[in-house]
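**Q** Please see the structure below; I have some questions.
The values are calculated or read from the model by the stated rules, or taken from the named source; none is laboratory data. Note that the structure is predicted; figures quoted are calculated from it, not measured. Using ideal geometry, Cβ is built from the backbone for each residue, glycine included, and neighbour counts are taken over all protein chains shown.
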Amino acid sequence: MNDITLLVMAAGMGSRYGGLKQLDAIGPNGETIIDYSVYDAVKSGFSKVVFIIRREFEKEFKKKISDKYAGKIQVEFAFQELYALPDGFTSPKGREKPWGTGHAILSALDLISGPFV
């Protein structure tokens with residue numbers, strides 16, 4: 001399974017949870033849910049992981065994610081920007097939340113050049 005990308009949609013605000021659940025430790029050694037997904041991807045032969053995040057989470061994500069996976073799998077970040085829409089589409093005034101799954105995948109389009117999961 002070479003050249004397959006793991007696409008992790010992690011731009012959620014965690015408003016019901018009360019924080020960035022994507023980075024909270026759940027495992028016995030401080031592992032996150034993301035750690036388990038990336039571990040399985042590495043063991044399965046994936047070559048790259050792309051995290052789709054909100055720009056305001058960038059510093060925290062890079063601090064907790066980038067170094068951890070160095071040398072194990074290529075890591076890239078895509079940003080789900082509210083106003084980054086295809087030509088002909090506009091965001092209504094006052095909208096604050098991202099557009100959802102399709103919009104998240106569109107945000108990573110430039111970083112994916114083959115199959116992805």
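**Q** Being among the polar types (S, T, N, Q), farther than 15 Å from residue 116 by Cβ and loosely packed, with under 12 Cβ neighbours inside 10 Å is the filter here; which residues of segment 27-85 pass it? Let's see the steps before the verdict.
**A** Just the residues of segment 27-85 that are among the polar types (S, T, N, Q), to begin with: 29, 32, 37, 44, 47, 66, 74, 80.
In the following step, the residues that additionally are farther than 15 Å from residue 116 by Cβ were identified as 29, 32, 66, 80.
Selection gives 29 alone.
**Q** Would you please name the residue that is nearest to residue 54 (Cα to Cα), looking only at residues in segment 12-26 that are modelled with pLDDT of 70 or more and surrounded by fewer than 17 Cβ atoms within 10 Å (Cβ to Cβ)?
**A** 21
**Q** Cβ contacts < 7 Å: first residue free of Cβ contacts under 8 Å to residues at least 40 places away in the same chain, restricted to segment 17-46; second residue among the polar types (S, T, N, Q) and in a loop (DSSP other than H, G, I, E, B), any location; separation 6+ or different chain. Result?
**A** Listed pairs, sorted by first residue: 22/32; 24/32; 25/32; 26/32.
**Q** Among the residues of segment 87-101, is any within 27 Å of residue 24 (Cβ to Cβ) and either modelled with pLDDT of 80 or more or not in a loop (DSSP other than H, G, I, E, B) (or both)?
**A** The answer is yes, given that some residue of segment 87-101 is within 27 Å of residue 24 (Cβ to Cβ) and either modelled with pLDDT of 80 or more or not in a loop (DSSP other than H, G, I, E, B) (or both).
**Q** Among the residues of segment 40-70, write down those that are at pLDDT below 90 and among the small types (Gly, Ala, Ser).
**A** Listed by number, the residues that qualify are 66, 70.
**Q** Out of the residues in segment 1-11 that are at pLDDT 70 or above and in a loop (DSSP other than H, G, I, E, B), which is surrounded by the fewest Cβ atoms within 10 Å (Cβ to Cβ)?
**A** Among residues in segment 1-11 that are at pLDDT 70 or above and in a loop (DSSP other than H, G, I, E, B), the one surrounded by the fewest Cβ atoms within 10 Å (Cβ to Cβ) is 3.
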